[in-house]
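A short reminder: the numbers here are calculations on the coordinates, not readings from a lab. As the structure is a prediction and not an experimental result, all values here were calculated from the model. With ideal geometry, Cβ positions are generated from the backbone for all residues, glycine too; neighbour counts draw on all protein chains shown.
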Amino acid sequence: MDLIIGGAYQGKLTLAAQEYGLTPEDICDLAADDPVPGVRCYIHLEELTRRQEDTESYLPLLAAAEVVIAREIGSGVVPMDAGERAWRERHGRLLRQLAQQAGSVRRVFCGLTEVLK
């Protein structure tokens, strides 16, 4: 599994689609659905961590995909709302675990790719 992270609308999915030859059928949008086995790509990981408290149980399923795409949400001002802070922490923990298992980790910013691992 490869992990691609970056801010909103920075070109993460465009990079993955080009590099992995993804079609819409290859992608599971976690903003709309829970993870399903057998897809090549998961997008919007941050939406899964927002609505699910036990995200670590999804780790084997996510790690089995070719690529996981997630928005960076930990930068900037720390939210005052406790629920928002808890979400950021959950998301960060899951990203850290995925990064450890990933074959490569890349960050996309302004359409430019930075290799982290």
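What is the spin-label model distance, in nm, from Asp81 to Glu114 if the labels are put 7 Å beyond Cα along the C-beta direction?
2.8 nm
Which of the chymotrypsin sites (Phe, Trp or Tyr not before Pro) across region 1-105 are loop residues per DSSP, with 13 or fewer other Cβ within 10 Å?
Loop-located and lightly packed - Tyr9.
Which label belongs to the value computed from this structure, given these candidates for Cα Rg over 2.2 N^0.38 Å: (1) 1.18; (2) 1.24; (3) 1.00?
It is the one labelled (3).
Taking Cα centroids, how far is region 10-86 from region 97-114 in Å?
Answer, in whole Å: 13.
How would you order 66-75, 27-36 from highest to lowest mean count of nearby Cβ atoms within 10 Å?
In decreasing order of mean packing, 66-75, 27-36 become 66-75, 27-36.
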